[in-house]
Amino acid sequence: MTSQSSRRPSPATLITVAPTGAESQKSDVPALPVTLEELVTTAKDCRAAGAAVVHIHIRDSEHQPTLDPVRLADTVQAVRAGTDLIIQLSTGGAVSDGFEPRLAVLDAGPDACSLTCGTVNFGDQVFSNPWPFIRELYARTKALGVVPEFELFDFGHIATLHRLLDDLGEPHGGHIHCDLVMGVPGGMPGDAATLVQAVAALPAGATWSATGIGRSSVPVIFAALSVGGHLRVGMEDTVTFARGRPVTSNAELVQRAAQLAALAQRPAMSPDQARTMLGVASHS
């Protein structure tokens, strides 16, 4: 256990954008990027606004969530050709996706991936991540040289992260980075008190981002910046910019996060700075 006082805030803020997700429908959210062209354009716009990492879910020709391996590989190639962002693929997919397709996501050759450290009630559904799957996915990230970001929806997930590191050692790249996903119905609430408790329980030396779902998005940004954390924003997590005002683009969410980070005197990191912090190799 590491105390909060032993953690030194970074002088810059890592901003991750999660532009699509697997929950919202294009018919309900017209600004949601679901085609490859829309995703590449979004990635470029978010890079210009201050993002350093793009967390990617993909859709099929009918705009439905998919883990199709060819589409995943094409997406990695296109985003890498169009930007210098760190490409982080979701291994969560949709809650209905099976374990084998989720493991196969790593074959698309991303820089990084999400790695959720436990099962959680996700609204009315169950996002299943049993220990054998978590362990196999982590072992595969190490074998393939993919840097994991440990997604933590609740305090039991933090305990599982400690167990995972004790069992298999440090991740590829040598650095532990986590994302506290807050405000999901069934997970930890998106408030400052919970965030501080969660951060205090993380492994020694870990860095962390925080994601606020829906209405918790802005409160979580303020809480994370106040204690030296990093940020994840995007239309995967919120489609409302303010009460009664839909999000018009992922870039405006990144821009708001970057502006608030600058006010906190911790401006947005470049992708190169983020690669150094996270232990992600360059493809240039």
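What follows is calculated from the coordinates using simple rules that are stated; it is not laboratory data. Predicted model, so just to flag it, every value in this text is computed and none were measured. Don't worry about glycine lacking a Cβ; one is built from the backbone with ideal geometry, like all the others, and counts go over all protein chains shown.
Quick rundown of the values:
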item: Packing-based ranking, highest mean first, of 184-197, 46-59 given that Cβ atoms within 10 Å are counted; result: 46-59, 184-197
item: Those GluC sites (Glu not before Pro) in the stretch 117-179 that DSSP places in a loop and that have at most 16 other beta carbons within 10 Å; result: none
item: Net charge dipole size for the stretch 36-187 [Lys, Arg +1 and Asp, Glu -1 on Cβ; Debye, nearest 20]; result: 240
item: In the stretch 202-284, chymotrypsin sites (Phe, Trp or Tyr not before Pro) in a DSSP loop with at most 10 other beta-carbon atoms within 10 Å; result: none
item: Lys/Arg +1, Asp/Glu -1 at C-beta; the chain dipole; positive extreme among Leu168, Thr240, Val220; result: Val220
item: For the stretch 114-223, Kirkwood radius (reciprocal of mean inverse C-alpha pair distance, Å); result: 14.1
item: Fraction of the pair-distance distribution of the stretch 167-284 above 26 Å, Cα-Cα pairs, percent; result: 23
item: DSSP-loop GluC sites (Glu not before Pro) across the stretch 26-84, with at most 15 other Cβ within 10 angstrom; result: Glu62
item: Mean projected area (nm²) of the alpha-carbon convex hull when the chain is viewed from all directions; result: 13.0
item: Highest-first arrangement of 155-163, 229-237, 66-74, where packing means the average Cβ count within 10 Å; result: 229-237, 155-163, 66-74
item: Hull volume in cubic angstrom per residue (convex hull over the Cα atoms of the stretch 12-153); result: 116
item: Average projected area [Cα convex hull, the stretch 20-89], square nanometres; result: 4.3
item: Ratio of Rg to Rh over the stretch 76-116 (Cα coordinates, Kirkwood Rh, two decimals); result: 1.01
item: Distant-in-sequence amide H partners of Val247 (H built 1.01 Å from N, under 5 Å); result: Thr240, Phe241
item: Charged-residue dipole, Cβ positions (Lys, Arg, Asp, Glu), the chain about Cα centre, Debye nearest 20; result: 820
item: Descending Cα extents along the principal axes, the stretch 127-168, whole Å; result: 28, 23, 18
item: J(HN,Hα) series, the stretch 113-130, from Karplus relation 6.51 cos²θ - 1.76 cosθ + 1.60, nearest Hz, glycine and proline x; result: 8, 7, 9, 7, 9, x, 6, 8, 5, 10, x, 8, 10, 10, 8, 8, 9, x
item: Cα-projected label distance for His63 with Ala48, points at 7 Å along beta-carbon direction, nm; result: 2.4
